Amino acid sequence: MRALPASSTCNELTGVGCLSDIAYAVGGATAMRATQVSAVGGTVWTVLSTNLESRYTFKGVSFVNDQTGWICGSYGTVLQTTDAGTTWHQLTDSVPSQQVQLNAIQAVNGQAIFIVGAEGTILRWDGSTWLLLDSRGVSHSFLGMHFVDENFGIVVGDGGRALITSSGGDAWTFTAVDSEEGFLTDKALHGAHFLDVNRGWIIGEQGLLLQTHDGGATWEFQESCTALDLHGIAVHAYGDGLLGGLGWMVGEEGKICATVDEGKTWFLQDASAHNVPLYRVGGYGAFNPISVGELGELWYPPTSSQVAPTLLDYRV
């Protein structure tokens, strides 16, 4: 399976969002959409017009239904679409942290949208306005997050900073693992995923993988499948349809780690023949997971250690 040259889309894809059989990928100032994503070919990606200059860099994308979604990125950029990406409207002027890089976005529903970024930025859309939330004095960049619902979520970032909320961001608690400094580790934390309000994971530098079974009150180190940086994670509970029990972590040098037992153990799916970093993995509610990375590459991670990852043909 071939991929188009990076110049046909962008040199780096840094965000992916999946909803049913629709997938969105963003990177640089480019946004793309595909339907019926498949590892066996035929997937056609449509480049969406955002009318932004090339100096902008998109970092995250999230949709609540097949029509409504948001993109975040550099210079405090926030875009919204209500027509499946055909047109995008800038919300940047209404964002409290203008000019700050925004690294990740999650739309829990149309009334609860969260964004994290540089300088300890945490934003929440409450249905009418963007609120700058109190991040307990953290000045480091937040790089990732995950919300189970509109109340319970975690944000993670540089310097081992990790905050948990059970009030939709009105109050945050530092979460730590036996450290005098009160932080999980001094390594950068790149992403997190929770199955419910109790079970979750954090990933980061040098293959760091932490898990909790009590909502982040305590954490333990878990064996991952690589010593290289991990950037993205997605795990599905056993009852989550066709993807039940499956999950993926992606990172540097094309490393893809997979689980088939709800995150208890992980095995390596090596896409390192292309030797490019992979930044995010999506597949929430869709049968086909997708990972995105440098050189504009998209990968289809398998669920068996005997099957190689597939480089997607992303014709546009």
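For this structure, a couple of remarks:
- Options 245, 296, 239, 285: the member that is assigned to a loop (DSSP other than H, G, I, E, B), surrounded by 24 or more Cβ atoms within 10 Å (Cβ to Cβ) and either in contact with a helix residue (DSSP H, G or I) (Cβ under 7 Å, 6 or more places away or on another chain) or modelled with pLDDT under 85 (or both): 296
- Among (1) free of Cβ contacts under 8 Å to residues at least 40 places away in the same chain; (2) exposed (fewer than 15 other Cβ atoms within 10 Å of the Cβ); (3) within 27 Å of residue 51 (Cβ to Cβ) - the single one residue 110 does not satisfy: (1)
- Hits in the stretch 226-239 - residues which are farther than 28 Å from residue 174 by Cα and either in contact with a Gly (Cβ under 8 Å, 6 or more places away or on another chain) or β-branched (Val, Ile, Thr) (or both): 238
- Qualifying position, being at negative phi and more than 16 Å from the chain's Cα centre (by Cα), among 219, 201, 248: 219
- Enumeration of residues in the stretch 43-67 that are under 17 Å from residue 92 (Cα atoms) and either surrounded by 14 or more Cβ atoms within 10 Å (Cβ to Cβ) or under 15 Å from the mean Cα position of the chain (by Cα) (or both): 50, 52, 56, 57, 58, 59, 60, 61, 62
- Restricting 171, 162, 234 to residues that are modelled with pLDDT of 95 or more and closer than 29 Å to residue 76 by Cα narrows the list to 171.
- Restricting 169, 215 to those that are surrounded by 15 or more Cβ atoms within 10 Å (Cβ to Cβ) and either more than 28 Å from residue 267 (Cα to Cα) or aliphatic (A, V, I, L, M) (or both) reduces the list to 169.
- Selection status of residue 73, over 27 Å from residue 139 (Cβ atoms), buried (at least 20 other Cβ atoms within 10 Å of the Cβ), modelled with pLDDT of 90 or more and under 19 Å from the mean Cα position of the chain (by Cα): no
- For the residues 92, 81, the requirement of being within 29 Å of residue 132 (Cα to Cα), surrounded by 14 or more Cβ atoms within 10 Å (Cβ to Cβ) and modelled with pLDDT of 85 or more singles out 81.
- Filtered residues of the stretch 124-138 (kept if polar (S, T, N, Q) and under 21 Å from the mean Cα position of the chain (by Cα)): 135
- Single match in 217, 171 (criterion: out of contact with any strand residue (DSSP E or B) (no Cβ under 8 Å at 6 or more places or on another chain) and over 17 Å from residue 235 (Cβ atoms)): 217
- Remark: pairs (first residue in the stretch 210-229, farther than 14 Å from residue 154 by Cα and touching a residue at least 24 places away in the same chain (Cβ under 8 Å); second residue β-branched (Val, Ile, Thr) and buried (at least 19 other Cβ atoms within 10 Å of the Cβ); Cβ separation under 8 Å; 6+ apart in sequence or on different chains) = 220/212; 224/203.
- Taking every residue in the stretch 125-152 that is more than 19 Å from residue 103 (Cβ to Cβ) and pairing it with any residue that is acidic (Asp, Glu), at least 6 positions away or on another chain, the pairs with Cβ-Cβ distances below 9 Å are 148/196; 152/196.
- Residues in the stretch 48-60 that are in contact (Cβ under 8 Å) with a residue 40 or more places away in the chain and under 17 Å from residue 100 (Cα atoms): 57, 58, 59, 60.
- Sole residue being part of a loop (DSSP other than H, G, I, E, B) and crowded, with 22+ Cβ neighbours inside 10 Å, chosen from 184, 210: 184
- Residue in the stretch 218-225 that is hydrophobic (A, V, I, L, M, F, W, C), farther than 21 Å from residue 278 by Cβ, crowded, with 19+ Cβ neighbours inside 10 Å and touching a Gly at 6+ places or on another chain (Cβ under 8 Å) present: no
The values are calculated or read from the model by the stated rules, or taken from the named source; none is laboratory data. The structure presented is a predicted model; accordingly, all values stated were derived computationally and were not measured. Virtual Cβ from ideal backbone geometry, glycine too; neighbours counted across all protein chains shown.
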